[in-house]
Amino acid sequence: MIVLYILLAILVLMLMITIHELGHYTAGKLLKFKIEEFSIGFGKAIFSKTMKSGEIFSIRIIPLGGYCAFKDEDEEGNEEGSFNSYACWKRIIVLLAGVTFNFLSAILFTIVLLCVVGSGIVKINDVVATNDNQFYLQKNDIILQVDGKTPTFLNGGIVGLMENKDVDEDIVLKINRDGEILDVTVRKYQEYKKDENGEYILDDNNEKIVAGKIIGITSEYVPLSFGQALLQCVPYSFNMGWETLKILGKLLTGGIGLESVGGPVTTVKTIAVSTQANFKNLVLLFPLLAVNLAVFNVLPIPSLDGARIIFVLIEWIFRKPVPRKIEGKIHTIGLIILFALVILIDILHLFLF
């Protein structure tokens, strides 16, 4: 069964990459660029079809990438029909189109997420608290905020917002109770492990074993209406992008370690495991993956769209391009380093993290 989840994960990742390359392709077609090949995957072609226009559509054996190849994209000269013969602003539009399509798809996926699962706001199914919380919370209460912060999937929801709260520390919840907005104060309390007979499990010192710190509720996510989803999808997607940038910033400054990021193999594994645990997780991963791909590709890293845009801007500003051979070498070196880095991260995830 896990093989099916892995195949599903690969298909999801390939969908995201195909959307990205489709952005380049669509913009190129609209602006009359000469496109030589649109490929899903890398390596040897297992399917290839040449269209009347001369464009080649192919599916290749390594399903962890793809490309849209424009005529003489990295070559010297400005022969008619070559990528570099077009105006700088047109090339920038084509280069930006990939991340634009990823972000637009993230917005669409977010609408589905908000309608099917929700935004992270929960409704109380049952109150099982054994402290004063049982008097302040009721079944069907909708928790809107935790200490003034709205719970979302990006900040860990109510669990994430309460993570650093200690036992008997005040937590102010804003709740919707049958249309009435209320502020209630609750506190965490210690929960202890029990056996199948309901008796406390004791350690070697005859002390009760702590199971966790809880507020004593069971809950479920609250899906939004289509209208609410339309209003929230864009800011929600931008927030995902901002969170991605913050994670990258922490990675560069040492705020987090390499175990917090992953290459394509780790990504496939994460999708497979998350989907196996709960199929709704896949609905959450779609917009998250789309946003991550958009943000990553717009970074000024050699071989990525962001760096290519910078080279075009240099040409536009100084009216003279960086020699194509030098630019090509920079992108090639950048691609090698990038591949080496993601492979290293994947290896570390497999054997160390």
Only one of (1) over 22 Å from A229 (Cβ atoms); (2) of a type in the set (D, E, K, R); (3) at pLDDT 90 or above does not apply to E80, and that is (3)
message: I'd like to know if segment 29-40 contains one or more residues that are assigned by TED's automatic domain parsing to the domain that holds W316, surrounded by fewer than 16 Cβ atoms within 10 Å (Cβ to Cβ), among the β-branched types (V, I, T) and touching a strand residue (DSSP E or B) at 6+ places or on another chain (Cβ under 6 Å).
response: no
Per the filter on segment 281-313, residues aliphatic (A, V, I, L, M), within 19 Å of the chain's Cα centre (by Cα) and part of a helix (DSSP H, G or I) are L282, V283, L284, L285, L288, L289, A290, V291, L293, A294, V295
Across segment 91-108, the tally of residues that are buried (at least 18 other Cβ atoms within 10 Å of the Cβ) and either aromatic (F, W, Y) or out of contact with any helix residue (DSSP H, G or I) (no Cβ under 8 Å at 6 or more places or on another chain) (or both) stands at 2
Restricting attention to segment 229-244, the residues that are exposed (fewer than 14 other Cβ atoms within 10 Å of the Cβ) and over 14 Å from T152 (Cβ atoms) number exactly 1
Matching residues in segment 175-227 (part of a strand (DSSP E or B), over 13 Å from I143 (Cα atoms) and of a type outside the set (V, I, T)) number 12
Counting only residues that are surrounded by 11 or more Cβ atoms within 10 Å (Cβ to Cβ) and in contact with a Ser or Thr (Cβ under 9 Å, 6 or more places away or on another chain), segment 162-173 contains a total of 3
Expected output for segment 171-182 (first residue farther than 11 Å from K123 by Cα, partner surrounded by 11 or more Cβ atoms within 10 Å (Cβ to Cβ) and among the basic types (K, R), Cβ below 6 Å, 6+ apart or cross-chain) is I171/K165
Scanning segment 329-347 for residues that are surrounded by 15 or more Cβ atoms within 10 Å (Cβ to Cβ) and at pLDDT 80 or above gives I330, H331, G334, L338
Taking first residues from segment 295-323 that are on the phi > 0 side of the Ramachandran plot and surrounded by 15 or more Cβ atoms within 10 Å (Cβ to Cβ) and second residues anywhere that are of a type outside the set (F, W, Y) and part of a helix (DSSP H, G or I), the pairs with Cβ under 7 Å that are 6 or more apart or on different chains are S303/H331; S303/G334; S303/L335; S303/L338
Test: residue in segment 128-142 that is at pLDDT below 85 and either touching a helix residue (DSSP H, G or I) at 6+ places or on another chain (Cβ under 8 Å) or of a type outside the set (S, T, Y) (or both): no
* Hey, does segment 253-274 have a residue that's within 12 Å of the chain's Cα centre (by Cα), part of a helix (DSSP H, G or I) and modelled with pLDDT of 85 or more? -> no
Do we find a residue being in the same structural domain as T130 (by TED's automatic domain parsing), buried (at least 16 other Cβ atoms within 10 Å of the Cβ) and closer than 15 Å to G148 by Cα anywhere in segment 184-202?
-> yes
Filter segment 109-151 for residues that are surrounded by 19 or more Cβ atoms within 10 Å (Cβ to Cβ) and among the hydroxyl-bearing types (S, T, Y); the one that is nearest to V184 (Cα to Cα) is S119
Those residues of segment 43-77 which are farther than 27 Å from I314 by Cβ, touching a Gly at 6+ places or on another chain (Cβ under 7 Å) and at pLDDT below 85 amount to I62, P63
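The values are calculated or read from the model by the stated rules, or taken from the named source; none is laboratory data. As the structure is a prediction and not an experimental result, all values here were calculated from the model. Cβ: placed from backbone, ideal geometry, glycine included. Neighbour counts: every protein chain shown.
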